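Student: My questions will all concern the structure given below.
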Amino acid sequence: MSSRPPAIAVPLLVPDLPAPQQLLPYLERMHAARHYSNFGPLVGELEQRLAQGQSAEVVTVASATLGLELVLSALALPPRSRVLVPALTFVATATAVARAGHVPVLCDVDAASWLLTPTIAARAVRDLGAQAVLPVATFGAPQDMRAWAAFEQATGLPVVVDAAAAFGSQTLQGAAGRLVFSLHATKSLPAGEGGVVVSSDAALIARVRQLSNFGIQLQPGGSVPVGHLAAVGTNAKLSEYHAAVGLAALDRWDEGAQRRRHLLARLRAALDAASGGALGWQDLGPQPLAAPVALCVRLGSAARRVQLERLCKRLGILTRRWYQPLLSEVQGGTQRWEAGALPNARAIAQDLLGLPFFPAMDEAQQALLATVVREVFCAAATPAAAAV
Ligand SMILES: Cc1ncc(COP(=O)(O)O)c(C=O)c1O
């Protein structure tokens, strides 16, 4: 018997970037201006368009990871400050804290929303101590910015939201705050690589911009003359090439976001029907996500997750245990990161599975996904699943 892996029938994620002809007008402008980086006209236009309609300032950066690191640096916390981070997140949330010279302290998440909430953070501040909080808009689910603003007022601790996967779905909601988005190829506003920092705090945005340009003083009136080194920064500027892709992606934003919303609604209905309502879903809040980027379900048991994974693998359907192992199980450099009690995060990590989700997913791929879910939930009655 052949043990060759099956051809990929359903990929996990397929980036949805603008076509070359959609980039061309922007690339021609860039080339005519001979301006390829260093806060060029395309970066300026992208930042302006992203700031439209918000009472907030925007700065672009080379990635969300660098954006998080620079916002934390710009907050000027004492070295080795303790920063609360959810245990269920991508590793970059915690590595950004460590690279900014601070100590990630891992917290539990809410059982329904899978988010680190202000209530959980308040308990962790009391039990573990912290000087800042870095909650995540996990899988694109928006954080409640008014609740976080109230938390900041009550505790005096700054909050930075890692909204890497939540462009379009997470906003400041009229509150003061700091958001960091990713423009990675797999996100809803893809530029290939890139990040965006949004904040109501104009001084913070100016500091992040300066830190993204090596720390060189960019405006008059600072502690050093313009052109001198004001802080130890890095090079985290978004290039004009990436801004061109970001602008072209913004031109087709509405259409792409709508396709994502429809696909999630359709898949959710199909998988609910296929599982007899047995799948567990993240509580996404009062409104559907504006631009979902992932399809994550809880299978109800570790055994059922393994069953679904095996059946998917056999049929060439790609899955991923997103954000697993939990950060509490990951070696953070030379030592493990400190963690509080994590009952909800540990329970979620027992049976959470990421399923294929991408705007170009066709009807046959959607139907195949529903079929494997049906087989797993009717395992005893169906020979295909029983043989897995
Ligand atoms: C929660 C979270 N934070 C940070 C990042 C890193 O974003 P970037 O690739 O733009 O650095 C990701 C990437 O997917 C993420 O999911």
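Every number here is computed from the coordinates shown, using simple stated rules; none is lab data. For clarity, every value in this text was computed on a predicted model and none was experimentally measured. All Cβ positions, glycine included, derive from the backbone under ideal geometry; neighbour counts span all protein chains shown.
Student: Hey, any idea what the orientation-averaged projected area of the convex hull of the chain's Cα atoms comes to, in nm²? Numbers along the way, then the final one.
Tutor: Working: hull surface 85.1 nm².
With the hull built on Cα positions only, its mean projection is 21.3 nm².
Student: To continue, here is another question. Between Ser301, Leu264, Gln287, whose Cα lies farthest towards the positive end of the dipole of the range 255-328 when Lys and Arg beta carbons carry +1 and Asp and Glu beta carbons carry -1, centred on the Cα centre?
Tutor: Ser301
Student: Defining a contact as two alpha carbons under 8 Å apart and six or more residues distant in sequence, what relative contact order in percent does the chain show?
Tutor: Once divided by the residue count of the chain, the mean separation gives 23 percent.
Student: If packing is taken as the average count of other Cβ atoms within 10 Å, what order do 153-161, 304-312, 282-290 fall into, highest mean first?
Tutor: Top to bottom by mean Cβ count within 10 Å: 304-312, 153-161, 282-290.
Student: Mind putting a number on the dipole of the range 20-246 about its Cα centre? Charges go on the C-beta only, +1 for Lys and Arg and -1 for Asp and Glu, and I need it in Debye to the nearest 20.
Tutor: About 300 debye.
Student: Could you give the angle, 0 to 90 degrees to the nearest 10, between helix 20-33's Cα long axis and the longest principal axis of the Cα atoms of the chain?
Tutor: 10 degrees
Student: How far is it, in nm, from the label point at His228 to the one at Ser37 when both lie 7 Å from their Cα along the line to the Cβ?
Tutor: 2.6 nm
Student: Still on this model: Taking the Cα centre of the chain as origin, sum charge times position over the Cβ atoms of Lys and Arg (+1) and Asp and Glu (-1), and report the length of that vector in debye to the nearest 20.
Tutor: Roughly 700 debye for the chain.
Student: Here's something else I'd like to know. Evaluate 2.2 N^0.38 Å with N set to the residue count of the range 20-246, then give the Cα radius of gyration divided by it.
Tutor: 1.01
Student: Considering only DSSP beta bridges where both residues belong to the range 20-246, give the percentage that are antiparallel (nearest 5).
Tutor: Working: 12 of 25 bridges.
Restricted to the range 20-246, the bridges split so that about 50 percent are antiparallel.
Student: Could you go through the range 339-345 in sequence order and give the Karplus-derived ³J(HN,Hα) for each residue, using 6.51 cos²θ - 1.76 cosθ + 1.60 with θ = phi - 60°, rounded to whole Hz, and x for Gly and Pro?
Tutor: 3J(HN,Hα) across the range 339-345, in whole Hz: 9, x, 5, 10, x, 6, 4.
Student: Determine the calculated [θ] at 222 nm for the chain from helices alone, applying -39500 (n - 2.57) to every DSSP H run no shorter than 4 residues and normalising by the residue count; nearest 500 deg cm²/dmol. Don't jump to the answer; show the numbers that get you there.
Tutor: Numbers: 13 runs with 155 residues, N = 388.
Calculated from helices alone, the mean residue ellipticity at 222 nm is -12500 deg cm²/dmol.
Student: Highest first, please rank the peptides 112-124, 215-227, 239-251, 358-370 by the mean number of other Cβ atoms sitting within 10 Å of their residues. The partial results should precede the final answer.
Tutor: Working: 112-124: 20.1, 215-227: 11.7, 239-251: 22.8, 358-370: 15.5.
In decreasing order of mean packing, 112-124, 215-227, 239-251, 358-370 become 239-251, 112-124, 358-370, 215-227.
Student: Still on this structure, please answer the following. Between the range 50-84 and the range 123-145, how many Å separate their Cα centres?
Tutor: For the range 50-84 versus the range 123-145, the Cα centre distance is 15 Å.
Student: Tell me which of Cys378, Val196, Ser63 sits at the most positive position along the dipole axis of the chain, charges placed on C-beta atoms (Lys, Arg +1; Asp, Glu -1).
Tutor: Value: Cys378.
Student: Helix 302-315 versus the longest principal axis of the chain: what angle, 0 to 90°, nearest 10, using Cα atoms?
Tutor: 90 degrees
Student: Return the ratio Rg/(2.2 N^0.38 Å) for the range 94-191, where Rg is computed over Cα atoms only.
Tutor: Taking the Cα Rg and dividing by 2.2 N^0.38 Å, one obtains 1.06.
Student: Describe numerically, in nm with one decimal, the distance between label points set 7 Å from Cα along Cα→Cβ at Asp254 and at Gln48.
Tutor: Between Asp254 and Gln48, the simple spin-label model gives 2.1 nm.
Student: Just order 8-14, 98-104, 48-54 by mean Cβ neighbour count inside 10 Å, highest at the front, would you?
Tutor: Highest mean packing first, the order is 98-104, 8-14, 48-54.
Student: Another question, then. Given H placed 1.01 Å from N in the peptide plane, which residues other than close sequence neighbours of Arg178 have an amide H under 5 Å from its amide H?
Tutor: Under 5 Å from the amide H of Arg178: Val161.
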